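**Q** Structure incoming, see below.
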Amino acid sequence: MKLMLKVLKGTPYKQFRPVQNEALALAIDSPTGNIFEIPTGEGKSLIAVALLLNDAASGRAPWLVTPTKAQVDQLGQMFPNQTAIAFGRSEYPCLYYEDRGEKINAQESPCYMLKCPHRVNVQTGETDELGSTPCPYYQAKYEAEVGRDRGKITVCTTAFFLTNRLFVRQPEEGEDEESEGISVVFDECHNLAKIARGIYEFTLTDYHLKRAEEALMKFDRQQAYIVRRFRLLFMRMARSKRAKTYNLLELNDIVKLLDLLNSFQRSRVETAVRQAISSGELDETKDRTEIKTLENLIRNIPAFVSSLKYSLPEEKQDGVRHPLNYVVAFYYKKTDPEMQDKRHKTQYYLTIKAYFVVPLIKRALGDNAKVTAMSATIGNVNIFGHETGLRMPFTSFPSSFDATKTRVFLPKDTPNLSQRKARRDDPKKARRMVIDAAVQFRDAGHRSLIVTVSNDEREAYMRDAVQNGLYALTYSDEMSAREIASVFRSGEGEVLIGTAQQFGEGLDLPRNTCPVIFFVRPGYPRPDDPMTQFEQKRFSGSHCWQLWQYRVMITALQVRGRNIRTIDDLGVCFFISQQFRSFLRGSLPEWLKPSFVGNKSMDDMIDETLGLLTS
């Protein structure tokens, strides 16, 4: 307990709450980990830090993993004495080029191809050249690996953890192995599989392949011709399908691509490029972009080949292993408006999409890992386990938040906006109801957030909001979603409008800065979406529907919680489409179900909201 209380020093916290004490008792006693559903405002961060310090004292290397850089920064500020921060390459300067008078970040540097004196051995902490200033990126990786010895918790993004841990060198014969393993807390873990799918996908384009081919032609014409044939083959495959659409490739197409790439000799190309750098034929500064292009080719092609193999079924002794990935092609016609813009250089895209990421997550965790997964919205723990591979004891905790201070509204007179049931004027009717409500709330001094599923919907709501005199904000080419959200939080604007992808989570609007939320409709997958088609081939219809329902349910719960971030907040969320009626109330945690209202009209719910916010 003394160790637990030490965590509080230097933080705003004075003691542990009942939920925190209960969760900590379960987590500390568990040898392998837990899955916790803990409502917003109950202090998940303090639970994570206290647990990890306890595990570090027992010999485990502690990691606190959260989805966004903003959350990493926030945790570092909350617990400055207990944490060390680690980011990806783009957040650190490259010292090699800084020595040469050029300021770039480590992501832009062809680091892999250079003999850099600043490189840090992530096992020993020593630089390649004794006395050189350590590379900030590799130093962060080293400190992350030895966090247990420094008594600090490594805080990083989910993407950093999964990419860096995936390639951790395994102990060789005779070396000591970390028998205790690591202790990991995944915060906001409902997104773990989604993030893993994003970072484990690979994209090749005609533009970058052609640049690599031209650069390679100077050193190894035979390998350059392999790259050219591959480029022309995937372009031909793409053109056989619909333009401006992500098209799922068939298994025989994947086999053809794989057969061609199998003849690419990475080591041969790497040797040729390194020799060119050593001889001065390639200048590290003047030819940096060209070297980076070749580095990407050298590193990406083998990874692409490996991912292609997992896009094919494989015969096993106990049956057939289904594909773990799927491959999509996309292209623009030369007459498309995008190709008329001279800044747009890429016409063809070939992407391997990771799907079944459980083996990759397990590999990143390693053997003997203790994993604690936490989120305010776990939902169906069996589907969560299927998506992530994390199958531990599950506990859902009640909230100390007063459920009478919020409402989950599903008006009885709004239209059904599903593609099959919506009538022609229903989307327009829904917009009119939402915008009229936002105007009433504006007149009473309350701001609103409108969450859509598609960008087309976002733009339609934006037009209607402006036409009705609302000071509406949304993102654009000039201002990112993160920037416009910051402007809105600072007090500018009456309505913020964005898609669920941008504002469905990660957007905090506490302390009544935006007490009203409208979520237009659930984002069920489109029939022409490649992931939808892949899942329909891989699973039965009922299993597909369970997965889709689970995902829209998690999104709905996340949207609802944007304006309820602490126990002192006050706010409501309107769910507009009647599609929500089939699952919304049932998906709410028990403590929140008294807040559900589904038997009143939109006008009655507006009146109830005004009364609640006034009180």
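The values are calculated or read from the model by the stated rules, or taken from the named source; none is laboratory data. Everything quoted here is computed from the prediction, not taken from an experiment. Because the Cβ atoms are built from the backbone with ideal geometry, glycine has one as well, and the counts that use them run over all protein chains shown.
**Q** For the stretch 293-334, which residues satisfy the criterion of being modelled with pLDDT of 90 or more, more than 17 Å from P110 (Cβ to Cβ) and among the charged types (D, E, K, R)?
**A** K309, K333, K334 - these are the residues of the stretch 293-334 that are modelled with pLDDT of 90 or more, more than 17 Å from P110 (Cβ to Cβ) and among the charged types (D, E, K, R).
**Q** Take R274 and decide whether it is within 20 Å of A215 (Cβ to Cβ) and not in a loop (DSSP other than H, G, I, E, B). Explain how you work it out, then say what you get.
**A** Details: within 20 Å of A215 (Cβ to Cβ): yes; not in a loop (DSSP other than H, G, I, E, B): yes.
Judged against the criteria, R274 is a match.
**Q** Does the stretch 588-603 include one or more residues that are under 24 Å from the mean Cα position of the chain (by Cα), in the same structural domain as A444 (by TED's automatic domain parsing) and among the basic types (K, R)?
**A** No: the stretch 588-603 contains no residue that is under 24 Å from the mean Cα position of the chain (by Cα), in the same structural domain as A444 (by TED's automatic domain parsing) and among the basic types (K, R).
**Q** If you check T127, T157, which single one turns out to be more than 14 Å from S90 (Cβ to Cβ) and in contact with a strand residue (DSSP E or B) (Cβ under 7 Å, 6 or more places away or on another chain)?
**A** Criteria check complete, one pass: T127.
**Q** Could you look through the stretch 99-134, keep only residues that are hydroxyl-bearing (S, T, Y) and under 18 Å from D283 (Cβ atoms), and pick out the one that is surrounded by the fewest Cβ atoms within 10 Å (Cβ to Cβ)?
**A** This residue is Y112.
**Q** Also, quick follow-up: How about the stretch 526-543: which of its residues are free of Cβ contacts under 8 Å to residues at least 12 places away in the same chain and among the hydrophobic types (A, V, I, L, M, F, W, C)?
**A** F539
**Q** A further question follows. What is the one condition in (1) surrounded by 18 or more Cβ atoms within 10 Å (Cβ to Cβ); (2) farther than 19 Å from R560 by Cβ; (3) touching a residue at least 12 places away in the same chain (Cβ under 8 Å) that M433 does not satisfy?
**A** So the condition that M433 fails would be (2).
**Q** Here's something else I'd like to know. Can you confirm whether T406 is hydroxyl-bearing (S, T, Y) and in contact with a strand residue (DSSP E or B) (Cβ under 7 Å, 6 or more places away or on another chain)? Break it down into steps so the answer makes sense when it comes.
**A** Numbers: hydroxyl-bearing (S, T, Y): yes; in contact with a strand residue (DSSP E or B) (Cβ under 7 Å, 6 or more places away or on another chain): yes.
For T406, the condition - hydroxyl-bearing (S, T, Y) and in contact with a strand residue (DSSP E or B) (Cβ under 7 Å, 6 or more places away or on another chain) - is met.
**Q** Moving to a separate point now. When you go through (1) surrounded by fewer than 16 Cβ atoms within 10 Å (Cβ to Cβ); (2) in a helix (DSSP H, G or I); (3) in contact with a helix residue (DSSP H, G or I) (Cβ under 7 Å, 6 or more places away or on another chain) one by one for T404, which number turns out not to apply?
**A** T404 satisfies every listed condition except (3).
**Q** What residue, among those in the stretch 276-316 that are in contact (Cβ under 8 Å) with a residue 40 or more places away in the chain, more than 32 Å from the chain's Cα centre (by Cα) and crowded, with 16+ Cβ neighbours inside 10 Å, is farthest from D99 (Cα to Cα)?
**A** A276
**Q** Sort out which residues of the stretch 336-353 are more than 29 Å from the chain's Cα centre (by Cα) and either among the polar types (S, T, N, Q) or surrounded by 16 or more Cβ atoms within 10 Å (Cβ to Cβ) (or both), and write them in order of number.
**A** Matches in the stretch 336-353: Q340 only.
**Q** Being part of a loop (DSSP other than H, G, I, E, B), free of Cβ contacts under 8 Å to residues at least 24 places away in the same chain and surrounded by fewer than 20 Cβ atoms within 10 Å (Cβ to Cβ), is that true of even one residue in the stretch 451-474?
**A** Within the stretch 451-474, none of the residues are part of a loop (DSSP other than H, G, I, E, B), free of Cβ contacts under 8 Å to residues at least 24 places away in the same chain and surrounded by fewer than 20 Cβ atoms within 10 Å (Cβ to Cβ).
**Q** Take the conditions modelled with pLDDT of 90 or more, of a type outside the set (V, I, T) and in a helix (DSSP H, G or I) and apply them to F234. Does it pass?
**A** yes
**Q** Just checking, how many residues over the stretch 336-354 are touching a residue at least 24 places away in the same chain (Cβ under 8 Å) and of a type outside the set (D, E)?
**A** Result for the stretch 336-354: 10.
**Q** Being of a type in the set (D, E, K, R) and closer than 21 Å to S587 by Cβ is the filter; apply it to the stretch 408-426 and report the residue that is modelled with the lowest pLDDT. Before you say what the answer is, go through the steps one by one.
**A** Our first condition is that a residue be of a type in the set (D, E, K, R); within the stretch 408-426, this holds for 412-413, 420-421, 423-426.
Those still in the list that are closer than 21 Å to S587 by Cβ too: 412, 421.
Working: K412: 97, K421: 86.
Only one residue fits best here, namely K421.
**Q** If a residue must be surrounded by 17 or more Cβ atoms within 10 Å (Cβ to Cβ) and either more than 26 Å from the chain's Cα centre (by Cα) or among the small types (G, A, S) (or both), how many such residues does the stretch 392-401 contain?
**A** 2
Results for (1) touching a Phe, Trp or Tyr at 6+ places or on another chain (Cβ under 6 Å); (2) part of a loop (DSSP other than H, G, I, E, B); (3) in contact (Cβ under 8 Å) with a residue 40 or more places away in the chain, shown as yes or no for each residue.
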site	(1), (2), (3)
W545	no, no, no
V559	yes, no, yes
T566	no, yes, yes
N599	no, yes, yes
L612	no, no, yes
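**Q** Tell me which of these K362 doesn't satisfy, since it passes every other one: (1) without any contact (Cβ under 8 Å) to a residue 60 or more places away in the chain; (2) surrounded by 19 or more Cβ atoms within 10 Å (Cβ to Cβ).
**A** Unmet condition: (2).
**Q** Still on this structure, I have one more. When the stretch 211-227 is examined, which residues are found to be assigned to a helix (DSSP H, G or I) and either out of contact with any helix residue (DSSP H, G or I) (no Cβ under 9 Å at 6 or more places or on another chain) or surrounded by fewer than 17 Cβ atoms within 10 Å (Cβ to Cβ) (or both)?
**A** Listed by number, the residues that qualify are E214, R221, Q222, Y225.
**Q** Take the stretch 586-610 and flag every residue that is of a type in the set (K, R) and at pLDDT below 95.
**A** Within the stretch 586-610, just K593 meets the criteria.
**Q** Give the number of residues within the stretch 20-53 that are aliphatic (A, V, I, L, M), in contact (Cβ under 8 Å) with a residue 60 or more places away in the chain and buried (at least 20 other Cβ atoms within 10 Å of the Cβ).
**A** Residues that pass the stated criteria total 10.
**Q** Additional query: Evaluate the stretch 529-552: report whether one residue or more is crowded, with 18+ Cβ neighbours inside 10 Å, in the same structural domain as T414 (by TED's automatic domain parsing), under 20 Å from the mean Cα position of the chain (by Cα) and within 18 Å of V408 (Cβ to Cβ).
**A** yes
**Q** Taking the stretch 396-417 on its own, how many of its residues are more than 17 Å from V516 (Cβ to Cβ), in contact with a Ser or Thr (Cβ under 7 Å, 6 or more places away or on another chain) and of a type in the set (S, T, N, Q)?
**A** Looking only at that region, the number is 1.
**Q** Can you confirm whether the stretch 17-25 contains a residue that is modelled with pLDDT of 90 or more, hydrophobic (A, V, I, L, M, F, W, C) and under 23 Å from the mean Cα position of the chain (by Cα)?
**A** No, the stretch 17-25 contains no residue that is modelled with pLDDT of 90 or more, hydrophobic (A, V, I, L, M, F, W, C) and under 23 Å from the mean Cα position of the chain (by Cα).
**Q** Please go through the stretch 62-95 and pick out each residue that is assigned to a helix (DSSP H, G or I) and without any contact (Cβ under 8 Å) to a residue 60 or more places away in the chain.
**A** Those that are assigned to a helix (DSSP H, G or I) and without any contact (Cβ under 8 Å) to a residue 60 or more places away in the chain: D73, Q74, Q77, R89, S90, E91, L95.
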